[in-house]
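Q: I am attaching a structure below and will ask some questions about it afterwards.
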Number of protein chains: 2
Amino acid sequence: MHHAKIDPMPVAKQLALTEEQVLLIGKALADPRRYEILKRLSDHERGMECSSVRDCFDISPATLSHHMKELEVAGLVQSVRKGKFVSYLVRREMLDAYLRRLQADLG
Amino acid sequence: MHHAKIDPMPVAKQLALTEEQVLLIGKALADPRRYEILKRLSDHERGMECSSVRDCFDISPATLSHHMKELEVAGLVQSVRKGKFVSYLVRREMLDAYLRRLQADLG
DNA sequence: TCATCAATTCGATAGTTATCGAAATGTCGA
DNA sequence: TCGACATTTCGATAACTATCGAATTGATGA
């Protein structure tokens, strides 16, 4: 039997994290600078330029780059290059997955 | 105007965490051993003896003691001494407070 | 009191990480 | 192509932490 295809309702996908990801996210959240950066980033739905982040935090380019990489490896942010510039976006679905996971494992 | 006092419904108190506590909890959760210990502990509503935890994890007494202290400093567990023995309990309300806080700060 | 046992603290070591200056990479506009 | 600029990578250092054996503390029972 056939059904006509219909546009599916957009479904928020429920990521499942590996054990390793859970630990990487924990680590990412455990550093004060990264936590602050992430908090700031989460206020900017459309993303934030690298240089804007730098302006907020009195931090060297090298150190910022290091922290952004940690956040990216953990999956909590995504970076987008536009020419010379890089913008960072929070990946909310990863945070959600982390919260669900903590609740499931420990709650 | 007066009302007769009635037994209050037990209210789960909503802890508010300091910035420092948030980071300590993150750190506590970022170590694989501590995460496993906490997971195991959360399966035992009534608490778990130190020696039982040791049996689960092939870990030296010194190292276990170190990790339990980290978890306690973070506020995630509570230790109760009964004579020679120590039992550990998960403080669920701290975990809840942590989850709420992440949601509020980053969600 | 004393020997014993559970747990913690001490001391040392190996591995990790935050930090930043300097060098490198990559992109844009002239 | 070239110079300027944004970001990353490299290299080095200081601080932190996980680990464990040894020494210590504290409590029990004999």
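Bear in mind that the values in this text are calculations on the coordinates, not laboratory data. If you're wondering where the values come from, they're calculated on a predicted model, not measured in any experiment. Positions of Cβ are backbone-derived with ideal geometry, glycine not excepted, and every protein chain shown enters the neighbour counts.
Q: Between copies, how far apart are the residue A:85 label points? List them in nm, one decimal, shortest first, with each point 7 Å from Cα toward Cβ, please?
A: So the label point of residue A:85 gives 6.3 nm to the other copies.
Q: How many Cβ atoms of partner chains, on average, are near each residue of B:94-107 if near means within 10 Å of its Cβ?
A: 4
Q: How many Cβ atoms of partner chains, on average, are near each residue of A:28-36 if near means within 10 Å of its Cβ?
A: 5
Q: With runs of 4+ DSSP H residues as the only contributors, calculate the mean residue ellipticity of chain A at 222 nm using -39,500 (n - 2.57) per run, divided by the residue total and rounded to the nearest 500.
A: -16500 deg cm²/dmol
Q: Let me ask something else about it. Tell me the label-point distance for the pair residue B:78, residue A:85, using the 7 Å Cα-to-Cβ offset, in nm and rounded to one decimal.
A: 5.2 nm
Q: On to the next question. Ratio of segment B:19-106's C-alpha Rg to 2.2 N^0.38 Å, to two decimals?
A: After normalising by residue count via 2.2 N^0.38 Å, the value is 1.08.
Q: From the phi of every residue in segment A:83-89, what ³J(HN,Hα) in whole Hz does the Karplus formula 6.51 cos²θ - 1.76 cosθ + 1.60 yield, where θ is phi - 60° and glycine or proline is x?
A: x, 6, 9, 10, 10, 10, 10
Q: Could you please state, rounded to a whole Å, how far the C-alpha centre of segment A:47-105 is from the C-alpha centre of segment B:28-76?
A: 31 Å
Q: A further question follows. Quick one: how many lysine pairs in segment B:22-107 have C-alpha atoms under 18 angstrom apart, if they're 8 or more apart or on different chains? Please list the in-between numbers first.
A: Working: B:27/B:39; B:27/B:69; B:39/B:69; B:69/B:82; B:69/B:84.
Lysine pair count for segment B:22-107: 5.
Q: Beyond 21 Å, how much of the Cα-Cα pair distribution for the protein assembly as shown remains, as a whole percent? Present the calculation step by step, with values, prior to reporting the outcome.
A: On the way: 13943 of 22791 pairs.
Tail of P(r) above 21 Å: 61 percent of Cα pairs.
Q: What nm distances, shortest first, do you get from the label point of residue B:20 to those in the other copies when the point sits 7 angstrom along Cα to Cβ?
A: 3.5
Q: Moving on to the next point. So the label point sits 7 Å from Cα along the Cα-to-Cβ vector; using that for residue B:44, what distances do you get to the other copies, in nanometres, sorted shortest first?
A: From this label point to the equivalent ones elsewhere in the assembly: 4.7 nm.
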